[in-house]
Each structure stands twice: as structure tokens, then as C-alpha cells.
Amino acid sequence: MALYSDKVMDHFRNPRNVGVISDADGVGEVGNAKCGDIMKIYLKIEDGVIVDVKFETFGCGSAIASSSMATELIKGKPVADALALTNKAVAEALDGLPAYKMHCSVLAEEAIKKALLDYYTKNDIPYDATVFADLDDCCHDD
Ligand code: FES
């Protein structure tokens, strides 16, 4: 069996939603201290719906595929859906990742959460801090 699914290879070779949103409503950047990979997510939000999303990922193929799939999964969806997106759901949508590459999908979940936290903070929207408790440098502007 191939190490990577066809979907992982497709999203790695032809990543969707690559780029920057200059007037983004929320931006989230996270990094993995062990591998040094970095992921940045930009969200455009209107009336509680993610109308556009872009990403920049400096990282491995699984991180690029995870970013691409994660952006596809949240585009056009309510903010609450994006907040509930798990790295497992991203990996499942890619038809799986090797166990030792699951941490790459965690970057996607965390980058989206961080972008949403940025959106809530900038707009003075109350939020449940426990949802963001897992973020490495949670809850403070940096
Ligand atoms: Fe670093 Fe994949 S090896 S995110």
C-alpha cells in the first residue's frame, strides 16, 4: 500500500487556497517546534460565515495537504463549524495520514483556531477560552 493516499498527493501537488488575504478578519500562525514547520491561515468572515480562506505553509507535504484540505472543509461554512474542525477530520478527509504524520494535521486545526481567536479578539466577540486552551501560546497577542 502506498504511504500516502491519492488525496494527500493531490492536495500536496495542487494545493487549494494558497495565498494571502490582505484584509483578513482573522490571521493565525502556528509552528511545530520539533520539525520547524510553519502554517499561516487567513480568514475573511461575513455575517458569521467564512467567505474566503487562504493559507501559506512552510512545511512538509502532509502539512501542505492538511492546510489545503482544511481550507476546503471550512470555506463557506459558519464560524462554529470551523471552530469544531479537528485534525482527525482533516486527516480522514485526506483518506488518512501515516501515524507519524498526524502531527502535521494538528497544525491545520491549530492555525484555524488561532485565526478565529484573532477574529474574536479584534472584534470584541466573547468566546469560550476553553476551546483555545490547547493552543501553545494561547490567549495573548503576540
Ligand atoms: Fe512538520 Fe509535517 S513534518 S508539519
Query raised in the report: Among Thr57, Thr130, Thr86, Thr71, which comes first, then next, by fewest other beta-carbon atoms within 10 Å?
Result: Thr130, Thr86, Thr57, Thr71
Report summary line: Listed residues Tyr127, Tyr42, Tyr119; largest mean-square fluctuation, Gaussian network over the chain with Cα springs below 10 Å, found at Tyr127
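What is the sum of charges, Lys and Arg at +1 and Asp and Glu at -1, for the other residues whose Cβ falls under 13 Å from the Cβ of Asp6?
0
So how do Asp81, Asp25 line up by other beta-carbon neighbours within 10 Å, fewest first?
Listed from fewest to most nearby Cβ atoms, that is Asp81, Asp25.
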Report task. State, as an integer percentage, the relative contact order of segment 63-113 based on alpha-carbon contacts under 8 Å between residues 6 or more apart. Result -> 51 percent
Query raised in the report: With springs only between Cα atoms under 10 Å, which of Met102, Met69, Met39 fluctuates most in a Gaussian network model of the chain?
Result: Met102
Report summary line: Sequence order, segment 107-119: Karplus ³J(HN,Hα) from phi using 6.51 cos²θ - 1.76 cosθ + 1.60, θ = phi - 60°, Hz rounded, Gly and Pro as x, gives 4, 5, 4, 5, 5, 5, 4, 5, 5, 5, 4, 4, 4
Report task. Name the long-range amide H neighbours of Ile45: under 5 Å, sequence gap of 5 or more, or other chain; modelled H, no Pro or chain starts. Result -> Asp25, Val51
Report summary line: Comparing Asn87, Asn123, Asn32 in a Gaussian network model of the chain (Cα, 10 Å), the one with the largest mean-square fluctuation is Asn123
**Report entry** From phi via Karplus (6.51, -1.76, 1.60), per-residue ³J(HN,Hα) for segment 72-82 in Hz, x at Gly/Pro
**Finding:** 5, 6, 9, 5, x, 9, x, 3, 4, 5, 5
Requested in this report: Could you compute the FRET efficiency for Thr86 and Leu3, with r as their C-beta to C-beta distance and R0 at 25 Å, rounded to 0.05?
Outcome: 0.65
Query raised in the report: Given only helices, namely DSSP H runs of n ≥ 4 each adding -39500 (n - 2.57), what is the per-residue ellipticity at 222 nm of the chain, to the nearest 500 deg cm²/dmol?
Result: -11500 deg cm²/dmol
Requested in this report: Just rank Cys104, Cys35, Cys60, fewest to most, by other beta-carbon atoms within 10 angstrom.
Outcome: Cys35, Cys60, Cys104
**Report entry** Relative contact order (percent, whole number), the chain, Cα cutoff 8 Å, 6+ residue spacing
**Finding:** 27 percent
Report summary line: Pairs over 23 Å Cα to Cα, from Lys7/Lys44; Lys34/Lys54; Lys44/Lys101; Lys44/Lys77; Lys75/Lys122; Lys34/Lys122, come to Lys7/Lys44; Lys34/Lys54; Lys44/Lys101; Lys34/Lys122
Report task. Using a cut-off of 14 Å between beta-carbons, work out the net charge of the residues near Ser22 (Lys and Arg +1, Asp and Glu -1, Ser22 not included). Result -> -1
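Each reported figure results from applying straightforward, stated rules to the coordinates on display, with no laboratory input. Computed from a predicted structure; not experimentally measured. Note: ideal-geometry Cβ built from the backbone for every residue, glycine included; neighbour counts use all protein chains shown.
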